[in-house]
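The structure appears below as structure tokens.
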Amino acid sequence: MKRIIALIPIFTALFLSAGCSHQAIQESYWGAGTSVALDEERKGNIQKAETELKVALGRADRELDDEKRASSLHNLGAFYRRHNRISDAIHYLNKALKLEEKTSGSSSERVGRTLAELAAAHAIEGNFFEGRVYADRLKPLAKYYSENEALFVEKVLEAYAIDIKKYEGDVARLKPKADAGNPEAQYELAAVYFDGPHAKDVLPKIISLYENAANQKYTDAQYYLGVMYDKGRGVTNNDKKAREWYRIAAENNHSIAQFNYAVFLMQGRGGPKNEEEAWVWIRKSSAQGYPSAQRALSRYNQ
């Protein structure tokens, strides 16, 4: 069971003022390029917008300081979050956060924007366990924002709010079925614990529930065990175990597991590299409508 929130997009990029020098000229080009990217995104020209944001990041890397580079990283990460490319979003937003903490302090308005994006990205992925640390840091910074930004921050924090009464009710409803061996209840109870207030204290129980459901061929549990070992989510990262669980779920027709298993085959993670087999699984995932697989297949066929 994954909770996924609908989040309004913020088309606010991070800009900084420029003076009159070579650097100022480069800043002007950088700011103009970022503006063009956001305008193209509004028009629905997503690929062009992505290209412009990458060009802006390249300019910041070559010509500008850490603040501008952090802004470009934030803008690209936020763009990917808005278009549900969550792994890419988290990658760039984490890099932005490190630079922003270095340049403006850990409790700045700029840091808050990136914390909000990171928390949102993890929430869209259903990963409240890892996202909660960003949401908790965001709470005291919410006072900085107004209008659309304030609404976005409010939605993010609402997503991480725990309804204790509902949590306890879900546990009471699912636990007897899970204890009786029902794999769907085991999977759902593990997810409730994982999103709950005491997740770190009950990690062994969570893992056990997922494993019990997976061993009964409950495909979502098989896939999610792959994710946990892949991302080191509540367990030590283990590529070999991640690959094996992705393979099992893929063979049981889980579209995301098929794509993730293909990535492991393509990269040789957790076992031998096999690009030919990887494309077999990407095609299977794409045929089921998984967007990442469809994008990969489209690029391959160009």
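The values are calculated or read from the model by the stated rules, or taken from the named source; none is laboratory data. Predicted, not measured: the structure shown is a model, and the values here were computed from it. Counting neighbours? That spans all protein chains shown, and the Cβs are built from the backbone with ideal geometry, glycine included. Areas reflect the complete protein model, heavy atoms only, side chains present, ligands, DNA and RNA absent. Shrake-Rupley method; radii C 1.70, N 1.55, O 1.52, S 1.80 Å.
Of the numbered conditions (1) open to solvent by 40 Å² or more (accessible area, probe 1.4 Å); (2) touching a helix residue (DSSP H, G or I) at 6+ places or on another chain (Cβ under 6 Å); (3) among the basic types (Lys, Arg), Arg113 satisfies every one except a single condition; which is it?
Arg113 satisfies every listed condition except (2).
(1) at pLDDT below 95; (2) more than 24 Å from Tyr145 (Cα to Cα); (3) surrounded by fewer than 16 Cβ atoms within 10 Å (Cβ to Cβ); (4) of a type outside the set (A, V, I, L, M): which one isn't true of Lys48, the others all being true?
Looking at each condition in turn, Lys48 falls short on (1).
Can you tell me which residues in segment 284-302 are within 19 Å of the chain's Cα centre (by Cα), open to solvent by 60 Å² or more (accessible area, probe 1.4 Å) and among the polar types (S, T, N, Q)?
Selection gives Gln294 alone.
I'd like to check something: does segment 162-180 contain any residue that is in contact (Cβ under 8 Å) with a residue 24 or more places away in the chain, part of a helix (DSSP H, G or I), open to solvent by 50 Å² or more (accessible area, probe 1.4 Å) and not aliphatic (A, V, I, L, M)?
For segment 162-180, residues in contact (Cβ under 8 Å) with a residue 24 or more places away in the chain, part of a helix (DSSP H, G or I), open to solvent by 50 Å² or more (accessible area, probe 1.4 Å) and not aliphatic (A, V, I, L, M): absent.
Considering only segment 129-148, how many residues are in contact (Cβ under 8 Å) with a residue 60 or more places away in the chain and surrounded by 22 or more Cβ atoms within 10 Å (Cβ to Cβ)?
Residues meeting the conditions: 0.
If you take the residues in segment 227-283 that are of a type in the set (S, T, N, Q) and either modelled with pLDDT of 95 or more or buried (at least 24 other Cβ atoms within 10 Å of the Cβ) (or both), which one is farthest from Ala296 (Cα to Cα)?
Residues of segment 227-283 of a type in the set (S, T, N, Q): 236-238, 252-253, 255, 258, 260, 267, 274.
Keeping just the survivors that are either modelled with pLDDT of 95 or more or buried (at least 24 other Cβ atoms within 10 Å of the Cβ) (or both) gives 238, 252-253, 255, 258, 260, 267, 274.
Numbers: Asn238: 25, Asn252: 22, Asn253: 19, Ser255: 14, Gln258: 13, Asn260: 12, Gln267: 14, Asn274: 16 Å.
Of everything passing the filter in segment 227-283, Asn238 is farthest from Ala296 (Cα to Cα).
Restricting to segment 96-107, give me the number of residues that are surrounded by fewer than 18 Cβ atoms within 10 Å (Cβ to Cβ) and of a type outside the set (S, T, N, Q).
The qualifying residues number 4.
For Ala121, only one of the following conditions fails: (1) open to solvent by 20 Å² or more (accessible area, probe 1.4 Å); (2) under 21 Å from Gly232 (Cα atoms); (3) in contact (Cβ under 8 Å) with a residue 24 or more places away in the chain. What is its number?
All conditions pass for Ala121, except number (1).
Return only the number of the condition from (1) hydrophobic (A, V, I, L, M, F, W, C); (2) modelled with pLDDT under 95; (3) closer than 30 Å to Arg82 by Cβ that Ile164 does not satisfy.
It fails just one condition, (3).
Go through (1) surrounded by fewer than 24 Cβ atoms within 10 Å (Cβ to Cβ); (2) at pLDDT 95 or above; (3) aliphatic (A, V, I, L, M) for Ala70 and report which single condition fails.
(1)
Which condition breaks for Glu211 when tested against (1) surrounded by fewer than 22 Cβ atoms within 10 Å (Cβ to Cβ); (2) touching a residue at least 24 places away in the same chain (Cβ under 8 Å); (3) more than 23 Å from the chain's Cα centre (by Cα)?
Exception for Glu211: condition (2).
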